[in-house]
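The values are calculated or read from the model by the stated rules, or taken from the named source; none is laboratory data. Computed from a predicted model, the values in this text were never measured in an experiment. With ligands, DNA and RNA removed, areas are computed over all heavy atoms of the protein, side chains included. Shrake-Rupley method; radii C 1.70, N 1.55, O 1.52, S 1.80 Å.
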Amino acid sequence: MVRMPTALIEALDEARRAEEDLPSRPELIRRIVEEWAAGRRGQ
């Protein structure tokens, strides 16, 4: 479990609602990390 400030949780929830499939918070975080890692590989 990762502790996050309320503002960050609210931002994640807002981002979740923007997705077509409404992912869970952990799923959205996985997607964000995967995007970040793919970007790092492309450098």
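Summary of computed values
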item: Per-region count, the range 1-11, residues open to solvent by less than 90 Å² (accessible area, probe 1.4 Å) and of a type outside the set (Val, Ile, Thr); result: 5
item: Residue under evaluation Arg31, criteria (1) part of a helix (DSSP H, G or I); (2) open to solvent by less than 60 Å² (accessible area, probe 1.4 Å), criterion not met; result: (2)
item: Unique residue being open to solvent by 70 Å² or more (accessible area, probe 1.4 Å) and not in a helix (DSSP H, G or I) when the list is Glu20, Glu14; result: Glu20
item: Residues satisfying the stated conditions in the range 34-43, i.e. open to solvent by 60 Å² or more (accessible area, probe 1.4 Å) and of a type in the set (A, V, I, L, M, F, W, C); result: Trp36
